[in-house]
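The values are calculated or read from the model by the stated rules, or taken from the named source; none is laboratory data. The structure presented is a predicted model; accordingly, all values stated were derived computationally and were not measured. No Cβ is skipped: glycine too gets one built from the backbone with ideal geometry, and neighbour counts run over all protein chains shown. Surface accessibility is based on the protein's heavy atoms, side chains included, excluding ligands, DNA and RNA. Shrake-Rupley method; radii C 1.70, N 1.55, O 1.52, S 1.80 Å.
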Amino acid sequence: MKWSEVSIVAEARETDLVGACFYDVEATGVVIEDLPDGRVMVRAYLPVDDALDGRIEAFRAGIAALADADGFDAAACPITSRIVQDSDWENNWKAYFHTQRVGKHIVIQPSWEE
């Protein structure tokens, strides 16, 4: 399945409100990344389907309404989107954990490794 990764750069104090705008367009979760300049990048993944364009427009409208209500410059909060392929997120993390020898007789071995 393909997903649209929708991202917005915003002030850190707006994080929860931006997240709420994502939930309003049926995102099931958000990713928040702190940026060096004190702002945050908030990302969500929306399914690529017939409703995607409407969801993105509803998100833009939600951010504009938030900007009007909260008095920040929506133009200074760029919104981007890109299509990403579905990956096996459930199992990809396993690539970072390998068998480790702790002592002469102790070995920690993940169950998925031989």
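Per-structure values
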| quantity | calculated |
| --- | --- |
| Sole residue being in a strand (DSSP E or B) and either surrounded by 10 or more Cβ atoms within 10 Å (Cβ to Cβ) or aliphatic (A, V, I, L, M) (or both), chosen from GLU57, GLU33 | GLU33 |
| Some residue of the stretch 92-104 being without any contact (Cβ under 8 Å) to a residue 24 or more places away in the chain, aromatic (Phe, Trp, Tyr), loosely packed, with under 12 Cβ neighbours inside 10 Å and part of a helix (DSSP H, G or I) | yes |
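Per-residue answers, yes or no, for (1) of a type outside the set (Gly, Ala, Ser); (2) under 21 Å from the mean Cα position of the chain (by Cα):
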{"residue": "ALA44", "(1), (2)": "no, yes"}
{"residue": "VAL48", "(1), (2)": "yes, yes"}
{"residue": "GLU57", "(1), (2)": "yes, yes"}
{"residue": "ALA64", "(1), (2)": "no, yes"}
{"residue": "ASP68", "(1), (2)": "yes, no"}
{"residue": "CYS77", "(1), (2)": "yes, yes"}
{"residue": "SER87", "(1), (2)": "no, yes"}
{"residue": "HIS105", "(1), (2)": "yes, no"}
{"residue": "ILE108", "(1), (2)": "yes, no"}
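Residues checked against (1) part of a strand (DSSP E or B); (2) open to solvent by 50 Å² or more (accessible area, probe 1.4 Å); (3) among the acidic types (Asp, Glu); (4) at pLDDT 90 or above:
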| site | (1), (2), (3), (4) |
| --- | --- |
| GLU26 | no, yes, yes, yes |
| VAL42 | yes, no, no, yes |
| ASP49 | no, yes, yes, yes |
| ALA69 | no, yes, no, no |
| SER81 | yes, yes, no, yes |
| PRO110 | no, no, no, yes |
